[in-house]
Amino acid sequence: MPKRISQDELDKVLLVVASFPEGAGLGEISGALDNNVPRRTLQRWLARLVEQKKLAVGGQARASRYRLAKCIGIGTAVLPALKGEAYGESYVPFSPEGGELKQMVRQPIHNRRPVGYKRDFLDSYYPNTTFYLSEDVRRRLAELGRPPGGEQPAGTYALKIFNRLLIDLSWNSSRLEGNTYSILETERLLEFGEEALGKNAREAQMILNHRAAIEFLVEQTPDTGLNRYTICNLHALLSDNLLVDPQACGRLRSIPVGIGGTVYHPLEIPQLIHECFLQILAMASEINDPFEQAFFVLVHLPYLQPFEDVNKRVSRLSINIPMIRENLCPLSFVDVPEQAYIDGIVAVYELNRIDLLRDVFVWAYQRSCLRYSAVQQSLGEPDPFRMRYRREIMDSVTTVIREGFDKREAAGWIARKAKQEIGADDRARFIEIVETELGSLHEGNIARYRLLPEKFISWKESWR
């Protein structure tokens with residue numbers, strides 16, 4: 001008797017096919033799945049989905065390519081074609097409620113009723129009693145987001161894929177703000193400090209600020225949380241050199257702000273802004289489920305607009321705090337269309353409805369999981385020793401270069417540092433790793449130590 005095909009297995013296949021708008025062959029689908037599914041089993045699953053009219057297939061035999069049908073169901077969500085036929089645009093899959101909101105926020109702005117901040121939208125939420133994400137959705141996201149290998153220290157997953165995450169999240173979050181850097185230009189900027197020709201200096205600053213903020217979240221995982229210290233410092237890093245008033249970086253606003261393209265008017269009274277900000281953080285900290293916690297922050301931080309600007313950027317990075325601390329796959333908003341995200345946010349602003357933003361969040365997290373599952377498989381397992389002493393190794397390498405030490409000076413300094421800070425059993429290995437890192441540095445990998453090419457080239461001369 002053949003084994004029964006579970007809906008979870010079929011849903012995972014659908015999510016993989018959804019990531020190939022032009023269709024995917026059997027090999028591409030197999031390679032994107034996070035577990036080794038036998039070829040014949042996968043063929044049986046695909047045949048079932050075609051039979052259910054959830055997939056369409058073209059070509060024959062080995063040339064067969066599978067695409068999503070025009071409208072299919074994944075769990076409780078409706079997944080239409082990735083190209084929105086009604087609008088001729090790239091969009092995320094949406095639920096019926098999300099589709100309704102999409103039409104409502106697309107009405108001409110003069111047809112939409114001006115609204116202000118409604119505190120009862122926040123007050124009506126009770127942590128661990130109220131849920132924006134259903135139990136089924138939370139369970140599915142947990143299955144997708146938890147890496148293999150059992151319990152590991154907080155931040156292990158994020159550290160393992162750090163270089164890829166740094167580029168993806170910096171680029172995608174900036175792109176959602178209208179930044180015109182391409183992903184390759186972003187890589188050049190982050191790795192070599194090379195600004196793209198013809199681009200606005202503010203765009204480069206925005207991306208570099210993202211790098212500093214992401215490094216803060218990943219490298220200081222034990223010290224971060226959904227608290228005032230973390231969120232305000234995150235804002236300070238993301239807004240550095242971008243605000244008219246430099247003193248507004250990391251501070252709650254005391255002036256009114258307006259938001260273009262919407263009829264929503266945020267709170268203006270500083271005392272109420274302060275109260276609601278602390279209330280949001282207190283409520284978020286009480287939420288037990290990391291996905292519910294993340295989505296709650298994605299909804300309520302931009303809605304309050306606690307800072308003069310850069311609020312959405314703060315929320316997009318803040319939602320990764322529970323992901324990193326729980327050692328889950330981070331969310332980098334890969335492939336999320338800018339308009340879909342804006343529509344979801346505006347629906348929260350003007351209607352206090354979360355359905356469309358929830359569709360964006362769930363789809364975006366599924367896409368991130370598929371991406372980093374493939375990245376993780378290509379990286380292998382991280383060295384536990386390097387992870388334990390990551391900060392000390394980084395500090396040693398950057399100090400040697402910053403001080404311009406030659407090989408003799410560096411050897412003496414590293415030995416002294418190891419004696420002062422590293423246990424006796426680990427000193428020899430620590431010294432070996434630091435010296436190996438120094439010897440293997442080149443212009444293609446210096447960004448992980450936050451080194452500019454000019455400084456590196458200057459040091460390299462004395463090192464020789």
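Pair-distance distribution P(r) for region 384-463, from all Cα-Cα distances in 10 Å bins starting at 0: 18, 55, 24, 2 percent. Dipole check for the chain: with +1 at the C-beta of Lys and Arg, -1 at the C-beta of Asp and Glu, and the Cα centre as origin, the magnitude is about 1140 Debye.
What base-10 log of the normalised intensity I(q)/I(0) is obtained for the chain from the Debye formula, alpha carbons as equal point scatterers, at q = 0.09, 0.12, 0.13 Å⁻¹? Debye curve over Cα of the chain, log10 I(q)/I(0) at q = 0.09, 0.12, 0.13 Å⁻¹: -0.68, -1.13, -1.28. By the equivalent-ellipsoid construction on the alpha carbon gyration tensor, region 204-311 comes out with semi-axes of 21, 20, 13 Å, ordered largest to smallest. Counting only the Cα atoms, region 321-375 fills a convex hull of 78 Å³ per residue. Simple point charges give the picture: +1 on the Cβ of Lys and Arg, -1 on the Cβ of Asp and Glu, and for region 384-463 a dipole about the Cα centre of about 220 debye.
Write down, largest first, the equivalent ellipsoid semi-axes of region 186-255 in whole Å, where each equals the square root of 5 times an eigenvalue of the alpha-carbon gyration tensor.
24, 18, 6
A simple spin-label model places the labels of H442 and Q52 4.9 nm from each other, with each point 7 Å out along Cα-to-Cβ. Ordered by the count of other Cβ atoms within 10 Å of each Cβ, fewest first, R316, R112, R253, R228 give R228, R112, R253, R316.
Evaluate E = 1/(1 + (r/R0)^6) for Q107 and E135, where r is the Cβ-Cβ distance and R0 equals 35 Å; express this FRET efficiency to the nearest 0.05.
Rounded to the nearest 0.05, the efficiency is 0.55.
Since every read-out is calculated from the coordinates, none of them should be taken as a lab result. Fair warning: this is a prediction, and the values are worked out from it, not measured in the lab. Reconstructed Cβ throughout: ideal geometry from the backbone, glycine too, with neighbour counts over all protein chains shown.
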